[in-house]
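A.B. asks: Take this structure, written in structure tokens, and hold onto it; I'll ask about it next.
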Amino acid sequence: MQEYDVVIPGGGLAGLALSIQLKHANPDVSILVLERRENEATTAAHKVGESTVELGSHYLREVLGLKDYLEEHELPKHGLRFFFPSHDKDDIPGRVELGPRERLPQPSHQLDRGTLENHMTNRTRELGATYILGATVKDIAVSASGHVVMYVKDGQEIKVKCKWVADASGRGSFMKRKFQFQKPMEHHVNAVWWRLKGVIDIDDWSDNKEWKNYLKPGLRLLSTVHFMDKGYWLWVIPLGSKNTSIGIVADPAVHPFDTFNKYDKAMEWLKVNEPRGYKMLSAETPNLMDFKILKHYAHHTGKVYCAEERWGVTGEAGAFLDPLYSPGTDFIAMNNSWLSDLILKDLAGEDVTRLGEVYEQAHLSLVDNWIPVYQNKYLLMGNAQIMVMKIFWDWATYWSVPTLIFTNKGFTNLKVLKELFSSATGLGRRFGALNKQMQDLFLEWLPYQNEVFENRYIDPYDLSYMRQFQLGIDKQYEPGALVEKIASNMQILEQVAAAMFRLISAQVNGTPPNMKVDPYNVSLKNNTHPVEIESEDNIDPAISKDVDLMWFYAKKEIA
Ligand SMILES: Cc1cc2nc3c(=O)[nH]c(=O)nc-3n(C[C@H](O)[C@H](O)[C@H](O)COP(=O)(O)OP(=O)(O)OC[C@H]3O[C@@H](n4cnc5c(N)ncnc54)[C@H](O)[C@@H]3O)c2cc1C
């Protein structure tokens, strides 16, 4: 029986990335990747997962060394861009638009998943891994003396032996089903998507010159564009293969799946909800490459790494939350970094049992802390004022803490993990608590915020703390200095939370616009918490000024 150090069932993005990451770290590790698909991936109409953000982009470019490929063959991305509902959704320039105006210093990409996976397959092979197409894994027998993986290729059953199994079988979730560690996920959302031949530039969706010229030509086209309203968002993503991906993602509480789960129904749904998108798609029907549907895509996992038994899961074979903000590749990056660290240390003779438990705990708490970003939040998507504040909050937290930890390899540094997560008052726990408070606040605010805003453009990089967080992503720190930097970022986030709450509470409850706020106790219901007027403000005036930029109402005067 052929033997390998690592067998990876599933050669999609997660499996390919893990294989490349392991080979980069140690070319001597022997790897077998088994992929069920018979042939090369097709261009454009392959998989979703076409937009990357900063953490995942850093992983692909710097950790996997794909920078040159991405710059040559995939598209540079001009950030995430959002359009909110107005009285006339057909008139795109009238809708509140959120997105960057100027070119961004931090790279990210729009990916054609077919061309990317084909390139990564070649790269994996060049690095010495064995990648077999048309190989369907049928059984994995886990054993301390070496696992036996059985797969079928050309009708033949083949068995191989290995020290580690890294399940990257995507939604097939081989190990999860075999060992029954499914876990309920209380976030229910559905999606459908189209791929179209050719380039679709939303700048062509209006003749309004002023609106077109607001950005340099071609920049809107390069953004991942989201058209939002209550309960849904519609994406438009350009692909490097000069094709376009378009998709609806919707909460069944507002848009039942059977209202858009077939091609004709989806077109009708668009006609009602996104008329401009409908006009474009009807005109492009001859260029249709595919139409796909996916019900209840969010799923959790009870386990990620079992270092003691030498196996782990990665990518969608573990947990997947939501595509809003494009974090799929981010999770693969963090997941693979933990898993490859365990595999490499174990193969080098280290006992990684305890380390596996620490990584598993860190991974699962990261997922749990991320759930409130999405859960019930589709209800907010029709509300421009709430969504602008939420999106800015979500980006600020994402750049200043997890992304910075990742680029500094802090997730695999025990000293950093201990400092951040070991005590109940540690920074990591405080970060989770602060985020939960703010996510709850956005929901509480909804019944009070009924105003429809129009004709506004808002750029996150006009806010200096946002710009600094984004620019700071790649800065390198020693472990101690990294923890200090996270602590100072947390102080900024606490002030941002307090400044946001002051504005919201003043609007809703008429509280003084300069009241002192405990950022860990921000609730609109809790109108009785001490409303102390500060003689000296506990919020940096520069942060208050930044937060004011996302406030659409007239600011209440200090009495
Ligand atoms: C609607 C939607 C939109 C998304 N948009 C984004 C986005 O914009 N950006 C982003 O980063 N992420 C996005 N994601 C997430 C992204 O799609 C996933 O993170 C990513 O594709 C997961 O990669 P994977 O390798 O885990 O799974 P896959 O890419 O599904 O790979 C799994 C592979 O395993 C193979 N396989 C399965 N079973 C077996 C078996 N028994 N034997 C052998 N092979 C097997 C399959 O053929 C497949 O190739 C989106 C997800 C959804 C649902």
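Derivation of every value follows stated rules applied to the coordinates shown; laboratory data play no part. Just so it is clear, the model here is predicted, and its values are computed rather than measured. As a convention, Cβ positions derive from the backbone with ideal geometry for all residues, glycine included, and neighbour counts pool all protein chains shown.
A.B. asks: Restricting attention to segment 250-298, which trypsin sites (Lys or Arg not before Pro) occupy a DSSP loop and are surrounded by at most 10 other Cβ atoms within 10 Å?
C.D. replies: Details: sites: 262, 265, 271, 276, 279, 292, 295; in loops: 262, 295.
The qualifying sites: there are none.
A.B. asks: Considering just Cα atoms, how many Å³ per residue does the convex hull of segment 168-291 enclose?
C.D. replies: 150 Å³
A.B. asks: What FRET efficiency comes out for the pair residue 444/residue 213, r = Cβ-Cβ distance, R0 = 35 Å, nearest 0.05?
C.D. replies: 0.35
A.B. asks: Which of the aspartates and glutamates could be linked to residue 279 by a straight reach, that is with a Cα gap under 16 Å, when you skip same-chain ones fewer than 8 residues away?
C.D. replies: Within the straight-line cut-off, residue 279 pairs with 88, 90, 91, 201, 203, 204, 207, 264, 268.
A.B. asks: Taking a ≥ b ≥ c as the square roots of the eigenvalues of the Cα gyration tensor of segment 383-559, is the shape rounded (a/c under 1.5), prolate (a/b larger than b/c) or oblate?
C.D. replies: Judged from the Cα gyration tensor, segment 383-559 comes out prolate (a/c at least 1.5, a/b above b/c).
A.B. asks: Right, something else. Between residue 204 and residue 125, what length comes free when the chain is fully extended (0.36 nm per residue of separation minus the Cα-Cα distance, one decimal in nm)?
C.D. replies: Contour length minus Cα-Cα distance gives 24.2 nm.
A.B. asks: Let me ask you something else. Of 338, 211, how do they rank once you tally other Cβ atoms within 10 Å and put the fewest first?
C.D. replies: 211, 338
A.B. asks: Where the only charges are on Cβ atoms (+1 Lys, Arg; -1 Asp, Glu), what is the dipole of the chain about its Cα centre, to the nearest 20 debye?
C.D. replies: 820 debye
A.B. asks: Which of 490, 416, 471 sits closest to the plus end of the dipole of segment 383-559, meaning its Cα is farthest towards the positive end, when Lys and Arg get +1 and Asp and Glu get -1 on the C-beta?
C.D. replies: Towards the positive end, the residue furthest out is 416.
A.B. asks: Ok, one more. If the cut-off is 16 Å between C-alpha atoms, which lysines fall inside it for residue 377, apart from same-chain ones fewer than 8 positions away?
C.D. replies: The reachable lysines, counting only those whose Cα sits under 16 Å from residue 377, are 230, 390, 436.
A.B. asks: Of the listed pairs 23/485; 47/242; 212/271, which have alpha-carbon separations greater than 20 Å here?
C.D. replies: 23/485; 212/271
A.B. asks: So what is the calculated 222 nm ellipticity per residue for the chain, using -39500 (n - 2.57) for each DSSP H run with n of 4 or more, over all residues, to the nearest 500 deg cm²/dmol?
C.D. replies: Helices in the chain give a 222 nm mean residue ellipticity of -11500 deg cm²/dmol.
A.B. asks: Please name which of 14, 75, 517 has its Cα lying farthest along the dipole of the chain towards the positive end, using unit charges on Cβ (Lys, Arg +1; Asp, Glu -1) and the Cα centre as origin.
C.D. replies: So the residue we want is 14.
A.B. asks: What is the gain in length, in nm to one decimal, between residue 487 and residue 62 on full extension, counting 0.36 nm per residue of separation less the C-alpha to C-alpha distance?
C.D. replies: Using 0.36 nm per residue and subtracting the Cα-Cα distance, I get 150.4 nm.
A.B. asks: Within 10 Å of each residue's Cβ, count the other Cβ atoms and sort 282, 19 from fewest upward. It would help to have the intermediate numbers written out before the result.
C.D. replies: Details: 282 11, 19 32.
If I rank by nearby Cβ atoms, fewest first, I get 282, 19.
A.B. asks: Okay, next question. Could you tell me which of 96, 426, 285 has its Cα farthest along the dipole of the chain towards the positive end, charges placed at Cβ (Lys, Arg +1; Asp, Glu -1), taken about the Cα centre?
C.D. replies: Positive-most Cα among the choices belongs to 285.
A.B. asks: Same structure, new question: Report the gain in length on full extension from residue 88 to residue 271: 0.36 nm times residue separation, minus Cα-Cα distance, nm rounded to one decimal.
C.D. replies: So the extension gain works out to 64.6 nm.
A.B. asks: Placing +1 at every Lys and Arg Cβ and -1 at every Asp and Glu Cβ, with all other atoms neutral, what dipole size does segment 29-150 have around its Cα centre, in debye to the nearest 20?
C.D. replies: Magnitude of the dipole: close to 260 debye.
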